[in-house]
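Accompanying notes for the structure given below.
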Amino acid sequence: MNIVKELLRQSKKLSKDLFYTILASFVGNAVLQLIAYPVIAKYFGIDTVGNILFFIGIIYIVPQSIGTALSNTRLLLRKDHETANNDYALPLLGGGAISFIICATTGLLVTKSMAFSAAYAVFSIMYMLKIYAGLEFRLTMNFKGYFIYYFISAVGYLAGLGLCFLTGSWLWIFLIGEGAALLYVFIRGNIFNSDKKLLSIKLVIKNGIPFFWSSFIRDCVTQFDRVIIMKLLNPSTVAQYNSVSIIAKTIQLLVSPLGTLMMTYMTQKSWKLTKKLYDRIVLGCIGFGIVFYILCIAVTPVFIKLFYPTVYDAIIGYSLIINLGLIILFTSSLLIVVLMAQGELRALSVIQTIWGLSYIIIAYFAVSAYGLLGLAYATLIISSVRLVLVLWVSNWKLRRNLET
């Protein structure tokens, strides 16, 4: 009876943690995708949305990769080491400098505006810190606090949208949103408090580089579609592609919290992976993928009709192929979390490198030759290859060495 009660207690906590993690991932993106971008498209034009998505794509590649890498490094190292805030102070400083330089340069090259470039670079640092600072709640398993953190950011987005109308600059949406979240952590949390350094910088960097490379490749591919369409086609097509893929990419808001929760739980010192549990995880991930694809098929046409009716006829034909490729991609992303949590960082880097370089090269030539249709088929083919590769490597490097 005590065992049953304990299992029920753990299941209840896991369900609540997943619920709050999903809400945390959903709330900010819902404000952007369902409120901010459609409103901006209506009052400022769809080209403005395309430009925003291009610049946000850069943010989601560099600062996000750095913040994600440092947070995952800290989660992994806690399995075998005591860690402290100051262990990550220097990497955060270096990451902030890299983000500032890259984003300031990008902003200046594209807009020729010093003011925009400086504000855009500051936004990049704030976003990197926001991604890392989510550890405040993951380390203590406080996923309700994790949700509140991202909810405050979403409220900030809405406030920034008001300033966008007053000033004409969309950057206020993100400066206020990320600033509100960081202010909350500075006031209520401890993640940025100074303490005694416990780990060598060499150990942090050694583990951080594979995580960064994996996140960088992932985020490059995730945002590459917007960047390559912007460069080879036009801003309007960026917005069209965003509308047809938005349901699948919104479903990533569920995949992302599942991955976040899996990584957080699997890096606890008490966690143990067995063959039986591994098999259940694989079947569960594939099952999620099938359900998500059916949902995409049903919801995507309705979404486009409601929010982007002027481009419905031009893009609805791409829906099935684009969404299938993205869902297969997200399914393999969940399985990659298992490799990450088990410290198989070399295998992780190899998979991500093969997948990322293949996608970028093939997608570039596919878009050049066939436009959106080429991108749709490139995404489907490369995503399928990645899923097979992840399953094969996981079985070879991980499953066969696990206990029954």
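Tabulated results
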| quantity | calculated |
| --- | --- |
| Where a residue in region 98-120 is within 17 Å of residue 178 (Cα to Cα) and its partner, wherever it lies, is part of a loop (DSSP other than H, G, I, E, B) and charged (D, E, K, R), with Cβ under 8 Å and at least six apart | none |
| Every residue from region 269-303 that is in contact (Cβ under 8 Å) with a residue 60 or more places away in the chain, under 23 Å from the mean Cα position of the chain (by Cα) and more than 24 Å from residue 391 (Cα to Cα) | 303 |
| From 76, 108, 70, 92, residue being farther than 11 Å from residue 211 by Cβ, within 22 Å of the chain's Cα centre (by Cα) and among the aliphatic types (A, V, I, L, M) | 92 |
| Residue satisfying all of: in region 365-380; in a helix (DSSP H, G or I) and touching a residue at least 60 places away in the same chain (Cβ under 8 Å); surrounded by the most Cβ atoms within 10 Å (Cβ to Cβ) among these | 375 |
| Residue within region 306-324 that is closer than 28 Å to residue 261 by Cα and of a type outside the set (Val, Ile, Thr) present | yes |
| Verdict on residue 186 being within 23 Å of residue 58 (Cα to Cα) and part of a helix (DSSP H, G or I) | no |
| Meets criteria (among the small types (Gly, Ala, Ser) and surrounded by fewer than 16 Cβ atoms within 10 Å (Cβ to Cβ)) for residue 119 | no |
| Meets criteria (of a type outside the set (Lys, Arg), at pLDDT 70 or above, over 24 Å from residue 310 (Cα atoms) and touching an Asp or Glu at 6+ places or on another chain (Cβ under 9 Å)) for residue 241 | no |
| Residue identified as assigned to a helix (DSSP H, G or I), buried (at least 17 other Cβ atoms within 10 Å of the Cβ), over 19 Å from the mean Cα position of the chain (by Cα) and among the charged types (D, E, K, R) among 47, 87 | 87 |
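Yes/no per residue for (1) aromatic (Phe, Trp, Tyr); (2) crowded, with 20+ Cβ neighbours inside 10 Å:
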site	(1), (2)
132	yes, yes
142	no, no
148	no, no
153	no, yes
157	yes, yes
160	no, yes
163	no, no
177	no, yes
196	no, no
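The values are calculated or read from the model by the stated rules, or taken from the named source; none is laboratory data. What you see is a predicted model; the values in this text were computed from it and never measured. Glycine gets a Cβ as well: all are built from the backbone with ideal geometry, and neighbour counts include every protein chain shown.
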